[in-house]
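All remarks here apply to the structure that follows.
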Amino acid sequence: MADNATPPAAPPEQRTAAIEMVLRRHGILPDGFVGEFTEHADDAWVTSNGARMVARAWTDPAFHTRMLTDGTAAAREMGFEFPEHHRHLVVLENTPDIHNVIVCTLCSCTAYTIIGAAPDWYKDLDYRARVVRESRTVLREMGLDLPASTEIRVWDTTADTRYMVLPLQPPATEGWPVEKLATIVTQDSMIGASRLDEVKG
């Protein structure tokens with residue numbers, strides 16, 4: 001390696017451990033905090049939260065209206081929490097002619113307490129850069145080939161606004177109970193990278 005060559009970055013796990021060690025040395029990180037925080041996130045910040053909201057919106061017209069009017073209030077109505085900086089949850093409703101997709105061009109922010117931690121592909125620089133400019137092509141590469149007549153709307157997360165997509169309910173699932181409907185809602189569909197059209201009754 002040449003003297004002026006940049007050394008390779010350490011793996012994420014090693015960098016995380018180094019940061020944790022520095023914080024502990026300075027007394028900033030209480031004992032047990034990392035484990036407790038991780039356990040809470042694994043238990044409370046999950047995709048099933050958003051899936052339950054979607055399923056209820058499909059079956060409860062009044063909740064559907066409240067969810068589109070104020071997503072944050074609708075989520076709290078169901079007992080879901082938000083970090084202080086997540087001031088607004090905006091719910092984007094798909095229609096037969098409009099398809100919404102979410103991105104964070106700056107980093108990889110999502111409404112993680114509602115739809116779960118961002119998947120790796122969402123964090124990828126290629127997705128973040130291209131979906132804004134070539135949304136139809138990027139979605140096709142991900143397996144979602146939308147008709148040319150479908151309008152695609154791309155929404156870029158901001159510092160205090162998070163988004164989730166309200167997917168179209170598959171026709172074959174009309175009449176299903178809320179609990180069963182929630183099992184078919186995926187994180188990808190709430191980001192807008194997939195649709196639920198193929199679900200069978």
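The values are calculated or read from the model by the stated rules, or taken from the named source; none is laboratory data. Everything numeric here is computed off the predicted structure, so don't read it as measured data. For neighbour counting, all protein chains shown are included, and Cβ atoms are generated from backbone atoms with ideal geometry for every residue, glycine included.
Values for this structure:
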item	result
Within segment 3-114, helices (runs of 4 or more DSSP H) holding 1 or more residues that are of a type in the set (V, I, T), surrounded by 10 or more Cβ atoms within 10 Å (Cβ to Cβ) and modelled with pLDDT under 65	12-25, 33-44
Residue match in segment 151-165 (condition: in contact with a strand residue (DSSP E or B) (Cβ under 8 Å, 6 or more places away or on another chain), under 12 Å from M190 (Cα atoms) and of a type in the set (A, V, I, L, M, F, W, C))	yes
Filtered residues of segment 125-159 (kept if at pLDDT 95 or above, closer than 22 Å to L89 by Cα and among the aliphatic types (A, V, I, L, M))	V131, V132, I152, V154
Residue pairs meeting the criteria (Cβ under 9 Å; at least 6 apart or on separate chains; first among the acidic types (D, E), in segment 80-91; second assigned to a loop (DSSP other than H, G, I, E, B))	E81/W45
Helices (runs of 4 or more DSSP H) (entirely within segment 131-201) containing at least 2 residues that are buried (at least 17 other Cβ atoms within 10 Å of the Cβ), of a type in the set (S, T, Y) and touching a residue at least 12 places away in the same chain (Cβ under 8 Å)	none
